[in-house]
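A quick write-up on the structure given underneath.
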């Protein structure tokens, strides 16, 4: 406010003084206009590469806004990062219980339970025992059998996979059976992405693209020339090419695919488990989801990747604002949404938080 | 025989070796894990140095916490080299150690990374060792501060080789100029975390990144300007979050939970769900206005500048305070966040408040203080937010919605922290010496008075021989107790002090708390010593301002010939039990609910009559006056029958060592004069003194030594000794 006033008076002074010098005038004029500049920050979130692009008129303010986001990412890592032994999730897995859970953990656990219910278990954060089993099989042995862990070992691990057997309370989160484990890797990055854009919005940033973990992308506003943010969707069969390029204004995009983290060269065994059968889900190649929030996009892309076609259709029906793009094994692409309409762009005003 | 033994032994050894054979490699593998804290020196060879820190010509020893070696260039520190294993102990997919050496310059940029140890299943992941090394090279030039770059040419630079996002896409369609790329999650997670988090930790410890909360400001705990609730709210000193049922239901609906049970199901959308207020109460300018000076002083006593008090208050349908065991009330739906920290509020940090002293405060149903220790928990100079978690049910499933209430302390309540905080001592860092120095005169006067009182107690037998001197000393001392100690200095010991001492002993005893109020400490200490020697009397009879007030009022009343009510001994004895019941009730209540106990302590009229000098709400004044009025007809009515503090002290003083008040064989036998002389009925029919009720006014002793009045003495003087000796 005072800034504007000062600039106007400065301008008026210049007029009164007449042409005091071209350089000075140019400088003042430049400052008065305060052009939007695109700033970029690169770092990590939940251990994955993270990047934020934002337009701002002021470098200091942009850096300060980013500073808040980085602090928030660090804060959430202390809740959700499986790889940190001191995180809440690691403690929960180690001890089977967690007293005085953080609000973020409660919100995300209850959000996960909601998705598990709607997807009838296709999305399940208690699949961690399966990850442990597969990681041990493929990574801890010098020459692991390519067919994966034995059926018996899988069945034993499956006994520990049950999202219903997790008690969620404000004072205590508890896993019903010893050996159970929780992973939030299918949804936490989306949650962090939402928090980051929320903070930036609160800091007055209107044109933002947050890209955390290379898969969760959330946009606010557009380029100053009015063009939307352009996002390339990787072709799962040719990872060096784009299957599509789409426009994103206000909304989030997330892609899940078995090709992301594989256990062995054939790619048959990967990190997206079917919680019912205990093996990697291989019906599809990839699922991309456009949603108003990155948490939903993240969780839903995982759920749709694993779910049966019928379940997937029913699931998408309960999210009216969501559109999904499914890549079948033969490369065929299918669009899925409750309301119909194009996958190519999503423009939906986000409600204020 | 010996040979057989040797054979058996050899066989046993052979079997053991065979059995242990397969286990040996496993043992070796376990032993491979590098020892944290030593890996910098272990792996930092002259060949690796130029890779990890190009241009460095000398390396210092690994030192500090976390360990890192300084890298020098031309004799000046150029940065640090650390090993990720020493700092984050990150493990790979194989769940075994990954060790990376990382060079970090003084600007917070990573100048070099080298993977020196790992057990990753490279062949399986389809990577070559080179690829793994190449991956780490992406981090060179990475800035761990929160600096931002200007992007001049968006697409090409975003997708440039040095960025994390993706390679460029030569074969892709022409529209491939994109701002970002979406692909399935890749788990390069573990090494990234090791490098970046490790660098952050090292940078903070070496002052490259500013440590959180290193400000040059502190909260102003001295400056006070009277201010009402509305003006505090207007400046932002009190922040507010008002939510209707409609707001909360909308929030749940937004997260895909349209049917959630919260609070009253039939509530209309406009009905108030919660009206939540939060304020930092540490600054005198806020805290005194909200809590009142007495309570502000009590709550901040003995705390350092870094310790913070946050007031949370609410009205509406949603409850935030839950009763809990102990004196705390839990605030389980509330959490604070500040910068990178989630600040959990534990039960023992919370204290429910029965009332506030704020002027024109809105109607509130819940009030609580949260205590934070040190700026590491909450930095008051920086913005923070209070998060309210609303719990609901969607069928049987618990669901949550969160609402944030941001808070930034207005700059008016901050002062420069240039001048060092007064004399920090020990871990509490409190300025108790300063407080004692500031109150030196008061302390001297009190010590003088306590010394005088000690002399009175020690030489009571001498004093009691002089009726007029005794009367003068007694009235003078009580007047001093009332006027100086009570009304001027406000040093009235109350049951609250007793409860607080009890609880601090039970939970966290801190000398700071005790030392911060020198007068109360001296009185408490004297009372405690007095309890052991003489029972409750030194305090109750001489140092209690309200007691003094009653006695002086009663003395005046007697002078004015106000008739004194005789309470029959049997009834009197029953009534004395009331105060014990009060005391035990309050102690018990305080362990169940501090709120209830605090409400119960309102039975004491001390606050109205002494601390606030009758300048307070009329019901409290009326109550105090009523007790005083009763005292006009029955000496020390309150002390004898009601006072929970007196009851507590009587219990604690039951086994006092000295019983110096003189008795004669005739006392209670042929003579009962002292029973009627005793103003408080502490002398039993048997002539024995009930020390639980005795206030050491010494009236009985004055009678005892009075040749003219004490009947046995009169009898002796008149030669009736023989008759005295004769039993009834």
### Query
If you scan the range A:173-197, which residues turn out to be more than 9 Å from chain B (Cβ to nearest Cβ) and not in a loop (DSSP other than H, G, I, E, B)?
A:173, A:174, A:175, A:188, A:190, A:191, A:192, A:193, A:194, A:195, A:196, A:197
#### Entry: Hits in the range A:277-286 - residues which are more than 9 Å from chain B (Cβ to nearest Cβ), surrounded by 20 or more Cβ atoms within 10 Å (Cβ to Cβ) and within 18 Å of residue A:235 (Cα to Cα)
A:284, A:285
### Message
Can you pull out every residue in the range B:282-292 that is over 10 Å from residue B:219 (Cα atoms) and within 17 Å of the chain's Cα centre (by Cα)?
### Response
B:287, B:291
#### Entry: Residue tally, condition free of Cβ contacts under 8 Å to residues at least 60 places away in the same chain and either at the interface with chain A (Cβ under 9 Å from one of its Cβ atoms) or not in a strand (DSSP E or B) (or both), over the range B:343-352
5
### Query
Any idea which of B:309, B:232 is in contact with a helix residue (DSSP H, G or I) (Cβ under 9 Å, 6 or more places away or on another chain), surrounded by 22 or more Cβ atoms within 10 Å (Cβ to Cβ) and assigned to a helix (DSSP H, G or I)?
B:232
### Query
Does residue A:236 meet the test of being within 8 Å of another protein chain (Cβ to nearest Cβ) and over 9 Å from the mean Cα position of the chain (by Cα)?
yes
### Query
Looking at the range A:66-87, which of its residues are more than 9 Å from every other protein chain (Cβ to nearest Cβ) and more than 17 Å from the chain's Cα centre (by Cα)?
A:86, A:87
### Query
When you go through (1) at the interface with chain B (Cβ under 7 Å from one of its Cβ atoms); (2) more than 15 Å from the chain's Cα centre (by Cα) one by one for residue A:129, which number turns out not to apply?
(1)
### Query
What are the residues in the range A:112-122 that are facing chain B (nearest Cβ under 7 Å) and in contact with a helix residue (DSSP H, G or I) (Cβ under 7 Å, 6 or more places away or on another chain), if any?
A:113
### Task
Please specify each residue of the range A:147-172 satisfying the condition of being out of contact with any helix residue (DSSP H, G or I) (no Cβ under 7 Å at 6 or more places or on another chain) and facing chain B (nearest Cβ under 10 Å).
A:164, A:167, A:169, A:171
#### Entry: 1 or more residues modelled with pLDDT of 85 or more, in contact with a helix residue (DSSP H, G or I) (Cβ under 9 Å, 6 or more places away or on another chain) and surrounded by 15 or more Cβ atoms within 10 Å (Cβ to Cβ): qualifying strands (runs of 3 or more DSSP E) within the range B:356-463
B:366-372, B:384-394, B:397-407
### Summary
By my count, helices (runs of 4 or more DSSP H) wholly in the range B:612-728 with at least 2 residues that are over 30 Å from residue B:357 (Cα atoms) and either modelled with pLDDT under 90 or out of contact with any helix residue (DSSP H, G or I) (no Cβ under 6 Å at 6 or more places or on another chain) (or both) are B:644-652, B:673-677, B:699-705, B:711-717, B:721-725
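Residue under question is residue A:232, and the condition is that it be surrounded by fewer than 22 Cβ atoms within 10 Å (Cβ to Cβ) and either within 30 Å of residue A:163 (Cα to Cα) or in contact (Cβ under 8 Å) with a residue 12 or more places away in the chain (or both); does it hold?
On the way: surrounded by fewer than 22 Cβ atoms within 10 Å (Cβ to Cβ): no; either within 30 Å of residue A:163 (Cα to Cα) or in contact (Cβ under 8 Å) with a residue 12 or more places away in the chain (or both): yes.
Judged against the criteria, residue A:232 is not a match.
Looking at the range B:652-678, which of its residues are under 50 Å from the mean Cα position of the chain (by Cα) and either surrounded by fewer than 19 Cβ atoms within 10 Å (Cβ to Cβ) or over 21 Å from residue B:534 (Cα atoms) (or both)? Even if it seems obvious, please write down each step before you answer.
Taking the range B:652-678 and keeping what is under 50 Å from the mean Cα position of the chain (by Cα), we get B:652-662, B:675, B:677-678.
Result: B:652, B:654, B:655, B:656, B:657, B:658, B:659, B:660, B:662, B:675, B:677.
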#### Entry: In the range B:175-197, the residues that are outside any helix (DSSP H, G or I) and at pLDDT 65 or above
B:177, B:178, B:179, B:180, B:181, B:182, B:183
### Message
Out of the residues in the range B:594-631 meeting the condition of being crowded, with 20+ Cβ neighbours inside 10 Å and within 22 Å of residue B:563 (Cα to Cα), tell me which one is farthest from the chain's Cα centre (by Cα).
### Response
B:631
### Query
Which residue pairs have Cβ atoms under 6 Å apart, sit 6 or more places apart or on different chains, and have a first residue in the range A:95-110 that is more than 10 Å from chain B (Cβ to nearest Cβ) and a second that is assigned to a helix (DSSP H, G or I) and surrounded by fewer than 21 Cβ atoms within 10 Å (Cβ to Cβ)?
A:98/A:91
### Message
Among the residues that make up the range B:271-283, is at least one of them touching a helix residue (DSSP H, G or I) at 6+ places or on another chain (Cβ under 8 Å), in a helix (DSSP H, G or I) and modelled with pLDDT of 90 or more?
### Response
no
### Task
Please determine, by comparing only the residues of the range A:198-215 that are within 8 Å of another protein chain (Cβ to nearest Cβ) and part of a strand (DSSP E or B), which one is modelled with the lowest pLDDT.
A:211
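Which of the residues spanning the range A:247-276 are at pLDDT 85 or above, within 9 Å of chain B (Cβ to nearest Cβ) and outside any loop (DSSP other than H, G, I, E, B)? Steps first, answer last, please.
Start the filter on the range A:247-276 by keeping residues that are at pLDDT 85 or above, which leaves A:247-257, A:272-276.
Still in the running and within 9 Å of chain B (Cβ to nearest Cβ): A:248, A:253-257, A:272.
Those that are at pLDDT 85 or above, within 9 Å of chain B (Cβ to nearest Cβ) and outside any loop (DSSP other than H, G, I, E, B): A:248, A:253, A:254, A:255, A:256, A:257.
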### Query
Got at least one residue in the range B:250-261 being at pLDDT 90 or above, buried (at least 18 other Cβ atoms within 10 Å of the Cβ) and within 14 Å of chain A (Cβ to nearest Cβ)?
yes
### Message
Whether any residue in the range A:24-34 is modelled with pLDDT under 90 and not in a helix (DSSP H, G or I) is what I want to check.
### Response
yes
### Task
With the condition kept exactly as written, say whether any residue in the range B:54-63 is touching a strand residue (DSSP E or B) at 6+ places or on another chain (Cβ under 7 Å), within 30 Å of residue A:81 (Cα to Cα) and modelled with pLDDT of 85 or more.
no
### Message
What are the pairs with Cβ atoms under 7 angstrom where one residue, in the range B:179-207, is within 8 Å of another protein chain (Cβ to nearest Cβ) and the other, located anywhere, is at pLDDT below 80 and part of a helix (DSSP H, G or I)? Sequence gap at least six, or different chains.
### Response
B:179/B:154; B:179/B:155; B:179/B:158; B:188/B:135
### Message
Can you tell me which of (1) assigned to a strand (DSSP E or B); (2) closer than 30 Å to residue A:135 by Cβ; (3) more than 7 Å from every other protein chain (Cβ to nearest Cβ); (4) touching a residue at least 60 places away in the same chain (Cβ under 8 Å) is the one residue A:289 doesn't meet?
### Response
(4)
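The values are calculated or read from the model by the stated rules, or taken from the named source; none is laboratory data. This is a predicted model, so every value here is computed, not measured. In this analysis, Cβ positions are derived from the backbone assuming ideal geometry, glycine residues included, and neighbour counts consider all displayed protein chains.
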